[in-house]
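Here's the structure, in structure tokens; my notes come after.
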Amino acid sequence: MASRRIEFVIAENPPKRLDKAVSRDVPEEATLSRTRLARLIEAGQLSVDGVVVVDAKARVAEGAVIAITVEEAEDSHIGPEDIPLDVVFEDDDLIVINKPAGMVVHPAPGTPSGTLVNALLHHCGDNLSGVGGVKRPGIVHRIDKETSGLLVVAKSDAAHQGLAAQFEKHTVERYYRALCYGVPDSNDPRLRGVKGASFEPGNILKLTTQLARHKTDRQKQAVLFQGGRHAITRARIVERFGTPPVLALVECWLETGRTHQIRVHMAHAGHGLVGDPVYGGKRKLAAKSLDPAVAAAVQGFARQALHAAVLGFVHPVSGEDIRFEAPLPDDMDDLLAALAG
């Protein structure tokens, strides 16, 4: 297998641990992530002054010559599949996709094929430079199978590292459109009593909780106030539907990005999403609030009415600020048109 050799010298005042010193001083053009470097050390692919070192905690001195042997990226074990993709943007480092509802992002035991990753392996072909030593797309965030909308995927190690850092720092701009039951309005006294709910200027609902896997249903997430992972969602009313209003189109944005975050947070607030089989359920709509045919369309909506509409971030290689918008898919657009009547 082809390989490349990277040599560099440890600069002054190095961290005490070898892995941290190497991570700090490895040339940027090598595009080796901290995780990849740790694996290379463990595999005996790194030497210090000509001596192979496999202990990541070993001491290293200023001036030490580091040599790393990096094997060229292997082909992924996941098979490419010719599945059409709605490509919003693409360059050598990343690709932005408008994912349709019904497509899983990454293969799993229940869905070994037909996923976005299978489609990307076919679409990108030899243009994947390798993420973590494997020619594969770098998945830095996901959206649920039945959620539509924008997703960015890395095509190179450099892009993968840069995008992952932005998601970790919560600097990525992500706005969603959702159709929910009820109207999350600051004038609703019930919402004032929901733990973790508050309102910010502009009638913006803020939900602040912890989230963790549900104790008995492993397919669900649960709201907690101790333990779990910190999660913040904001929601703003875009349009109200019904007389009196029984549904609302809301714009939601994430300060954190947890599994099912918008869906579970909106349900916690009493405003579950239309069509959500896990958290939203099907609710009876007040009689005469909607035309019967429109009410039936709401009750029969086949997925959670959630769309990742806006995605903005700093290009991890060029440094350019880029932002993308995806229009609502036909199913949501048709339902909203019927509601607007």
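The values are calculated or read from the model by the stated rules, or taken from the named source; none is laboratory data. Note that the coordinates shown come from a computational prediction; the quantities given were computed from them, not determined experimentally. Positions of Cβ are backbone-derived with ideal geometry, glycine not excepted, and every protein chain shown enters the neighbour counts.
Values as computed for the structure displayed
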{"item": "Residue check, residue 316 under 23 Å from the mean Cα position of the chain (by Cα), surrounded by fewer than 16 Cβ atoms within 10 Å (Cβ to Cβ) and not charged (D, E, K, R)", "result": "no"}
{"item": "Segment 158-178 residues that are under 16 Å from residue 258 (Cβ atoms), paired with ones that are among the acidic types (Asp, Glu) and at pLDDT below 95 (beta carbon under 9 Å, 6 or more apart)", "result": "170/255"}
{"item": "Selection count where residues are surrounded by 17 or more Cβ atoms within 10 Å (Cβ to Cβ) and not hydroxyl-bearing (Ser, Thr, Tyr), scope segment 200-211", "result": "3"}
{"item": "Filtered residue count, segment 124-152, keeping only those that are assigned to a strand (DSSP E or B) and modelled with pLDDT of 90 or more", "result": "5"}
{"item": "Selected residue [among the aliphatic types (A, V, I, L, M), without any contact (Cβ under 8 Å) to a residue 40 or more places away in the chain and surrounded by 14 or more Cβ atoms within 10 Å (Cβ to Cβ)] from 287, 231, 297, 248", "result": "231"}
{"item": "Qualifying residue in segment 214-227 (condition: surrounded by fewer than 17 Cβ atoms within 10 Å (Cβ to Cβ) and either at pLDDT 95 or above or in contact with a Lys or Arg (Cβ under 6 Å, 6 or more places away or on another chain) (or both))", "result": "yes"}
{"item": "Subset tally (residues that are surrounded by fewer than 16 Cβ atoms within 10 Å (Cβ to Cβ) and assigned to a strand (DSSP E or B)) for segment 323-336", "result": "2"}
{"item": "Restricting segment 27-42 to residues that are part of a loop (DSSP other than H, G, I, E, B) and either touching a strand residue (DSSP E or B) at 6+ places or on another chain (Cβ under 7 Å) or not polar (S, T, N, Q) (or both), the residue that is nearest to residue 317 (Cα to Cα)", "result": "31"}
{"item": "Positions within segment 20-30 being crowded, with 20+ Cβ neighbours inside 10 Å and over 12 Å from residue 68 (Cβ atoms), in sequence order", "result": "21"}
{"item": "Enumeration of residues in segment 237-259 that are within 15 Å of the chain's Cα centre (by Cα) and not charged (D, E, K, R)", "result": "252, 253, 254, 256, 257, 259"}
{"item": "Of residues in segment 271-280 being within 14 Å of residue 222 (Cα to Cα) and small (Gly, Ala, Ser), the one modelled with the lowest pLDDT", "result": "280"}
{"item": "Tally of residues being free of Cβ contacts under 8 Å to residues at least 60 places away in the same chain and either part of a loop (DSSP other than H, G, I, E, B) or over 25 Å from residue 275 (Cβ atoms) (or both) across segment 98-123", "result": "17"}
{"item": "Yes/no for residue 187 being over 16 Å from the mean Cα position of the chain (by Cα), under 22 Å from residue 308 (Cα atoms), surrounded by fewer than 18 Cβ atoms within 10 Å (Cβ to Cβ) and not charged (D, E, K, R)", "result": "no"}
{"item": "Selected residue [part of a strand (DSSP E or B), in contact with a His (Cβ under 9 Å, 6 or more places away or on another chain) and modelled with pLDDT of 90 or more] from 95, 68", "result": "95"}
{"item": "Top-ranked residue of segment 86-122 - restricted to ones that are among the charged types (D, E, K, R) and closer than 20 Å to residue 147 by Cβ, ranked as nearest to the chain's Cα centre (by Cα)", "result": "99"}
{"item": "Residue ID - farthest from residue 161 (Cα to Cα), chosen from residues in segment 1-52 that are of a type in the set (Val, Ile, Thr) and in contact (Cβ under 8 Å) with a residue 24 or more places away in the chain", "result": "48"}
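Conditions (1) β-branched (Val, Ile, Thr); (2) at positive phi; (3) over 34 Å from the mean Cα position of the chain (by Cα), marked per residue:
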position: 8; (1), (2), (3): no, no, yes
position: 40; (1), (2), (3): no, no, no
position: 43; (1), (2), (3): no, no, no
position: 54; (1), (2), (3): yes, no, no
position: 57; (1), (2), (3): no, no, no
position: 61; (1), (2), (3): no, no, yes
position: 67; (1), (2), (3): no, no, yes
position: 71; (1), (2), (3): no, no, no
